[in-house]
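Here the structure is laid out as structure tokens; the discussion comes afterwards.
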Amino acid sequence: MRIRGKAAAALAAALLTGCSAGGTETGARPSASAPAAGASGAPAACPASGVRVTLGDTEAALGQRALSVFLDNCGGRPFEVSGYPDVAVLDAEREELDVTVRLGTHAVDGGTERAVFTLRPGQRARAGVLWRNTVTRTDVVATSGAYLRVTPGRGAAAQTVAPHDGPLDLGNTDTVEVTPWAPYVP
């Protein structure tokens, strides 16, 4: 199923502006009162790489889902960002699921080319993970991911994060699309 017209435009606007259905900004900087990694009530310590992965709210429309993935430079030195985050979908036991990860998506970003930029201390970048909750076969169990394992770039270890607002309900599609990193401007 493809999203067309006004529905696609609404979903694209929600992902690209970072606004949730409730009107709150999902791109806000993590604070002590907002979980950074989706697992506990306190922000995670800054990893040795100096960059931390966090997730925004899941946006949903007509079976299409969009989840913002943020990369915060919490360290003391610049970090070069290039291309796409390396993403894997994990189950509740943190085992990797057999999910196809496609780089780029024409449905939302029009096939935006990857960029190379420097993330200075205190700055943020954003990428998107998109999927469809489409069930086409009743004889096949629908896939539900509990975590994302995200490797932000060269020199940074993978970080496992959980969506705070529910699973990655992939239906029978077993596919996610990932948009390239882009500088985040609030």
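Would you confirm, using the coordinates I've provided, whether LEU55 is modelled with pLDDT of 50 or more and open to solvent by less than 30 Å² (accessible area, probe 1.4 Å)? Yes; evaluated as a whole, the condition is true for this residue. Scanning the range 134-185 for residues being touching an Asp or Glu at 6+ places or on another chain (Cβ under 7 Å), among the hydroxyl-bearing types (Ser, Thr, Tyr) and in a loop (DSSP other than H, G, I, E, B) gives a total of 1. Only one entry of GLY155, GLY83, GLY122, GLY128 meets the criterion of being without any contact (Cβ under 8 Å) to a residue 60 or more places away in the chain and either surrounded by 11 or more Cβ atoms within 10 Å (Cβ to Cβ) or over 12 Å from LEU67 (Cβ atoms) (or both), and that entry is GLY122. Those residues that are in contact with a Phe, Trp or Tyr (Cβ under 7 Å, 6 or more places away or on another chain) and open to solvent by 100 Å² or more (accessible area, probe 1.4 Å), I need them from the range 86-106; list them, please. The answer is ARG94, LEU103.
Checked against the criterion of being touching a helix residue (DSSP H, G or I) at 6+ places or on another chain (Cβ under 8 Å) and part of a loop (DSSP other than H, G, I, E, B), the range 109-132 has at least one qualifying residue. Only one entry in VAL99, VAL150, VAL89 is closer than 16 Å to ARG52 by Cα and under 16 Å from the mean Cα position of the chain (by Cα), namely VAL150.
The values are calculated or read from the model by the stated rules, or taken from the named source; none is laboratory data. It should be emphasised that the depicted structure is a prediction, and the values quoted were computed from it without experimental measurement. Glycine also receives a Cβ, built like all others from the backbone with ideal geometry; neighbour counts cover every protein chain displayed. What goes into the accessible areas is simple: the full protein's heavy atoms, side chains included, and nothing from ligands, DNA or RNA. Shrake-Rupley method; radii C 1.70, N 1.55, O 1.52, S 1.80 Å.
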